[in-house]
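First up is the structure itself, then whatever we jot down about it.
The values are calculated or read from the model by the stated rules, or taken from the named source; none is laboratory data. Note that the structure is a prediction, hence the values are computed from the model and not measured. Positions of Cβ are backbone-derived with ideal geometry, glycine not excepted, and every protein chain shown enters the neighbour counts. Surface areas here come from the heavy atoms of the whole protein model, side chains and all, with no ligands, DNA or RNA. Shrake-Rupley method; radii C 1.70, N 1.55, O 1.52, S 1.80 Å.
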Amino acid sequence: MTPNPAVNRTVLGAASPASAAGYLSRWASEGSTVTALRPMQAATYPAYLEAAIHGYAQDNVSAGRWPQVGAIERSREDFESLLPHGLDTPDNFLFEIIVDKDGPLVGYVWYKLEPKYGSCSAYVYDLEVKPECRRQGHAWRALKALELLAAEAGATSIALNVFANNVAAQALYEKLGYMPTNINMSRPLPRTEA
């Protein structure tokens, strides 16, 4: 199954996430807080991108995957490869996480539709809630809203990566029903003289 572009346009109100300014997806909690996803605004994207590049570099350094030297450059290359056309990169959808329809910006989420082997999966590349807004249910509600959008766009599953040292995120994803599908492990080797 491939992504359904007609559904995508209906769900997002436009053919690309950058031009889907009128669409808002909401996920209400049992309380009074409503978390909404709004397609990322063009004016927001440059600041988001720089913060995401630095955050991803730091996550990789903290997890022991990358050395500190060159981490920003390596992260920037990854982002340039994944989002070569920014907000207009096909099959990629970036959202601002806001409180209610006009409330404050509390974070960002980015996913991609990935058709493979006859089906379509959604892959969450980034989920970031501002530190001062964490532990309030925004990430949980944003992912629930995102799951609905992805399903309406033709995805039959949703996946993401979480770093091993991010125990809080792992707990959230497990609570939402995400299960590990593979585990990468590494071990540093001693240096040898050649």
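Using R0 = 25 Å, the C-beta based FRET efficiency linking Asn166 and Glu132 works out to 0.85.
The amide H of Val106, built 1.01 Å from its N in the peptide plane, has Ile97, Ile98, Val99 as neighbours under 5 Å, considering only residues 5 or more places off or on other chains.
Rounded to a whole number, what % of the accessible area of the stretch 92-194 do carbon and sulfur atoms account for, probe 1.4 Å? Let's see the in-between values first.
On the way: 3430 of 6440 Å².
Using a 1.4 Å probe with all protein chains present, the stretch 92-194 comes out at 53 percent carbon and sulfur.
Paramagnetic label reach from Thr33 (point 7 Å along Cα→Cβ; backbone nitrogen cut-off under 18 Å): within the stretch 150-194, residues 168-176. Taking all protein chains as shown and a probe of 1.4 angstrom, Thr181 keeps an accessible surface of around 130 Å². Summarising the label geometry, the points placed 7 Å from Cα in the beta-carbon direction at Ser119 and Asn182 lie 1.6 nm from one another.
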